[in-house]
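Let me begin by presenting the structure, written as structure tokens, before commenting on it.
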Amino acid sequence: MVTTVRSLGLQGISGYEVSVECFLSGGLPAFDVVGLGDTAVKESRERVRAAVKNCGAKFPVSRITVNLAPAGQRKEGTVYDLPILLGILRCAEEIPDLPENAAFLGELSLTGTLRGVNGVLPMAMAAARAGITSLYVPAVNAPEATLSDGLTVYPVSDVAALVAHLRGESPIAPAPKWEAGTQRADGPDFADVMGQENVKRALEIAAAGGHNILMIGSPGAGKSMLARRLPSILPDMTRKEALEATEIWSVAGMTDAERPLLAQRPFRAPHHTLSSVAMTGGGSIPRPGEISLAHNGVLFLDELPEFSRDVLEALRAPIEDGEVTITRAAGSITLPSRFMLVGAMNPCRCGWYGHPSGRCTCTEAQVHKYAERISGPMLDRMDLHVNVQSVEFEAMRRREPSESSADVRARVNAARERQKARFAGTDILCNAQMEPAMVGKYCRLDAAGEKLLKNAFERLGLTARSHDRLLRVARTIADLEGAEDISAAHLAEAVQYRNTDILKGN
């Protein structure tokens, strides 16, 4: 007798259907699992055997063969424990026929309790696409699975409860659909920042248009403090953006039952000692890296020149393409990686070049060598370059509170709404993602603007890429003011953020 149980698997961050085929035959007792499973899949035999006996069922004394189809695709993890157990119990006629259009997944303990697994959201979405209507998952994963539309999700605590449900003795109630709250998480607020109005303005523009930004200043000027307050002014995520980001975090095992859906844009701040594999993703079995975990959010690189050269250069293609392709012996996967890059650095190795105190000990050659750690192509991809000056004493002693993050975020959200209306019907979500043809269509200039742009192009030595990025920033500044057209004033403000001389303290 052959029994087929529907289940799900993961390839990268995408789910796909797996058929778990179980066959009991005569001969010496044996238990084989085939279908290109990894070590965790092979070890499921012992977990299933113990779970069957400890839930009160009889483990068949037969030759058991389990095939995971498609057999030519690699399988990994403990997600197949539950469907293997159900296939064996059905073949042994311990349980009735399984419900139609139902799929099962979950890891088993030796006592028959179900433990949570990673990647439930992409697998649930794949189940809905495959026509599956009922999904049985570990109870801890149920809130995440309900985020997928078109599914009835059953939270399973242990094998005994599931067997009683399948026999009709004690039905399991479907999990209610998880709904996100409206409260934003508490965090650092812009109202706490004294002075630095020019930097706060640049961060507001970057948040409104999704632009990359580089902050350069001496130690203690507030670069890291301002960057860590950036999440408080980021625009609200659409449900599509939230699901895309949550899928990646789910595969990485970074979601939980209390917060199955990312309510705020991701903010990743890796240490400068990380490797290029940790940044882009990979490993023997490819996994998402920092740039994918920052998808639809922010990647903050503090002490930017201290990152190794290969790590920084690995960012160049994902910044342009919004995705990264990882090729390993185990296979090739493409992961989304559309993020807002925020960099912070000192002007020199000692950090005090150009500071009024005059305490810099670096020579001109050392200053230039330090600045050259950021390659020209990488610098060209930074839309805004901001000089973060030391805060003056009067600003530090000011008692009046600064503008709050809520007020800034209201302007940012209004600008994003204008961009959504502008790019309706496309995959473009913000100005920073505009394609070259869109730049020509939505970033038209009047005569004064054309003259200003020509002078800036020649004086600053802009490239074709930086020309388009400059216009995108100007478009965002106009959106923040609610202007339909880009004026010379909008363009002039954008031009001041392309001053690469600030790398030399100017």
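Of the residues in region 458-465, at least one is in contact (Cβ under 8 Å) with a residue 24 or more places away in the chain, closer than 30 Å to residue 349 by Cα, in a loop (DSSP other than H, G, I, E, B) and not β-branched (Val, Ile, Thr).
Which residue, of 225, 194, 254, 237, is part of a loop (DSSP other than H, G, I, E, B), free of Cβ contacts under 8 Å to residues at least 40 places away in the same chain and either open to solvent by 40 Å² or more (accessible area, probe 1.4 Å) or touching a helix residue (DSSP H, G or I) at 6+ places or on another chain (Cβ under 9 Å) (or both)?
Values: 225 fails: part of a loop (DSSP other than H, G, I, E, B); 194 fails: free of Cβ contacts under 8 Å to residues at least 40 places away in the same chain; 237 fails: free of Cβ contacts under 8 Å to residues at least 40 places away in the same chain.
When all the criteria are applied, what remains is 254.
Just wondering, is there one or more residues in region 259-271 that are assigned to a strand (DSSP E or B), of a type in the set (A, V, I, L, M, F, W, C) and at pLDDT 95 or above? Yes, region 259-271 has at least one match.
Pairs are defined by a Cβ separation below 6 Å, a sequence spacing of at least 6 or placement on different chains, a first member in region 130-141 that is open to solvent by 10 Å² or more (accessible area, probe 1.4 Å), and a second member that is part of a strand (DSSP E or B) and modelled with pLDDT of 95 or more; the pairs so defined are 130/17; 134/102; 134/152; 139/155. Of all the listed residues (275, 292, 332), the sole one being open to solvent by 30 Å² or more (accessible area, probe 1.4 Å), of a type in the set (S, T, N, Q) and touching a helix residue (DSSP H, G or I) at 6+ places or on another chain (Cβ under 8 Å) is 275. Just one of (1) buried (at least 19 other Cβ atoms within 10 Å of the Cβ); (2) modelled with pLDDT under 95; (3) in contact with a strand residue (DSSP E or B) (Cβ under 9 Å, 6 or more places away or on another chain) fails for residue 456. It is (3).
Let's see how each residue does on (1) within 20 Å of residue 257 (Cα to Cα); (2) out of contact with any helix residue (DSSP H, G or I) (no Cβ under 6 Å at 6 or more places or on another chain):
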{"residue": "79", "(1), (2)": "yes, yes"}
{"residue": "104", "(1), (2)": "yes, no"}
{"residue": "114", "(1), (2)": "yes, yes"}
{"residue": "128", "(1), (2)": "no, yes"}
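Taken over region 362-387, the criterion of being surrounded by fewer than 16 Cβ atoms within 10 Å (Cβ to Cβ) and free of Cβ contacts under 8 Å to residues at least 40 places away in the same chain is satisfied by 363, 364, 365, 366, 369, 372, 376. Pairing each residue of region 416-432 that is free of Cβ contacts under 8 Å to residues at least 24 places away in the same chain and more than 16 Å from residue 205 (Cβ to Cβ) with any residue that is acidic (Asp, Glu) and loosely packed, with under 11 Cβ neighbours inside 10 Å, provided the two are 6+ apart or on different chains, yields no C-beta distance under 9 Å. For region 340-361, taking the residues that are within 25 Å of residue 270 (Cβ to Cβ) and free of Cβ contacts under 8 Å to residues at least 60 places away in the same chain, the one that is least open to solvent (accessible area, probe 1.4 Å) is identified as 350.
For residue 90, the stated conditions do not hold, so it cannot be described as in contact with a Phe, Trp or Tyr (Cβ under 6 Å, 6 or more places away or on another chain), of a type outside the set (Val, Ile, Thr) and more than 20 Å from residue 140 (Cα to Cα).
Just to confirm my filter: which helices (runs of 4 or more DSSP H) fall fully inside region 350-398 and include at least 1 residues that are more than 38 Å from the chain's Cα centre (by Cα) and either at pLDDT 90 or above or of a type in the set (Phe, Trp, Tyr) (or both)? Answer list for region 350-398: 364-371, 393-396. Could you check region 35-72 and list, in sequence order, the residues that are open to solvent by less than 70 Å² (accessible area, probe 1.4 Å) and of a type in the set (Asp, Glu)? Answer for region 35-72, where residues must be open to solvent by less than 70 Å² (accessible area, probe 1.4 Å) and of a type in the set (Asp, Glu): just 38.
The residues of region 405-436 that are within 21 Å of the chain's Cα centre (by Cα), among the charged types (D, E, K, R) and outside any helix (DSSP H, G or I) amount to a single one, 427. Just one of the listed residues (86, 162, 166) is over 29 Å from residue 241 (Cα atoms) and touching a Pro at 6+ places or on another chain (Cβ under 7 Å), and it is 166. Just to be sure before I move on: is residue 68 touching a residue at least 24 places away in the same chain (Cβ under 8 Å), touching a strand residue (DSSP E or B) at 6+ places or on another chain (Cβ under 6 Å) and part of a strand (DSSP E or B) in the structure I sent? Taking the combined requirement at face value, the residue satisfies it.
In region 103-125, of all residues being open to solvent by less than 10 Å² (accessible area, probe 1.4 Å) and aliphatic (A, V, I, L, M), the one that is nearest to residue 158 (Cα to Cα) corresponds to 108.
The values are calculated or read from the model by the stated rules, or taken from the named source; none is laboratory data. Keep in mind that what you see is a predicted model, and the values were worked out from it rather than measured. For neighbour counting, all protein chains shown are included, and Cβ atoms are generated from backbone atoms with ideal geometry for every residue, glycine included. These accessible areas exclude ligands, DNA and RNA; they are computed on the full protein's heavy atoms, side chains included. Shrake-Rupley method; radii C 1.70, N 1.55, O 1.52, S 1.80 Å.
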